[in-house]
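Read through the structure below, which is laid out as structure tokens, and then see the notes.
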Amino acid sequence: QKEVEQDPGPLSVPEGAIVSLNCTYSNSAFQYFMWYRQYSRKGPELLMYTYSSGNKEDGRFTAQVDKSSKYISLFIRDSQPSDSATYLCAMSGGTGFQKLVFGTGTRLLVSP
Amino acid sequence: DAMVIQNPRYQVTQFGKPVTLSCSQTLNHNVMYWYQQKSSQAPKLLFHYYDKDFNNEADTPDNFQSRRPNTSFCFLDIRSPGLGDAAMYLCATSKTRGNTEAFFGQGTRLTVV
């Protein structure tokens, strides 16, 4: 079993839809959670960074962390064609050097 | 505006011919990372520097080396590239080892012919 599981998609939605992207994980030591957006042939861009459980909102993006269920989500409101990209979750935690562990990414396609 | 800059964006090298990829940062972060990302896969950490302290991942092949001559620059050397080393190579930085909010460069896409 992978430490971080993420559905690869693709997830296809019409413009304006609410998008829900999710990751599950197995390591209870994880306490830092990130979402990255990666356009084709580009580097990952940090979208959201959260510590421990709870919600964080930034514009059209909301990140949720449920540590009790080992489940994190990224919601995108009023999705736009420019949101079409691969979304990677990443997380870390524990003692010593806190290596980022990535999901494989979910490809999102928003059609006009 | 670019904070983590990778050069070149695209690199073609011959099988077995040494190649060097470069990364620079304007964030003054202590930690610099090199990741390898193959198509539709998660980024895989190769190694990281905490200041001048080099840390290799256990499963990183000996073929991959790195240098960090100063805070701003870090290089990835592939001594004898094989066809299996074709990938996107990503440089990232974070302020400290405990703060894993990592910022990535645009990547270098390596092709081995």
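None of the figures in this text is laboratory data; all of them are computed from the coordinates on show. Note that the structure is a prediction, hence the values are computed from the model and not measured. Glycine also receives a Cβ, built like all others from the backbone with ideal geometry; neighbour counts cover every protein chain displayed.
For the protein assembly as shown, the average shadow cast by the Cα convex hull is 12.5 nm², which is a quarter of the hull's surface.
Pairwise Cα distances in the stretch B:1-104 exceed 24 Å for 18 percent of all pairs. Residues in the stretch A:15-37 near a label at A:N55, defined as backbone nitrogen under 16 Å from the 7 Å Cα→Cβ point? Backbone N within reach: A:18-21. Over all pairs of different C-alpha atoms, chain A has a mean inverse distance whose reciprocal, the Kirkwood radius, equals 14.1 Å. Placing +1 on the Cβ of every Lys and Arg and -1 on the Cβ of every Asp and Glu, with no other charges, gives the protein assembly as shown a dipole of roughly 380 debye about its Cα centre.
With a Förster radius of 30 Å applied to the beta-carbon distance between A:L46 and B:S80, the computed FRET efficiency rounds to 0.35.
Normalised by the number of residues in chain B, the mean separation of alpha-carbon contacts (under 8 Å, six or more apart) gives a relative contact order of 38 percent. Annotation for the stretch A:55-112: trypsin sites (Lys or Arg not before Pro) lying in DSSP loop with at most 14 further Cβ atoms inside 10 Å of their Cβ are A:R60, A:R77.
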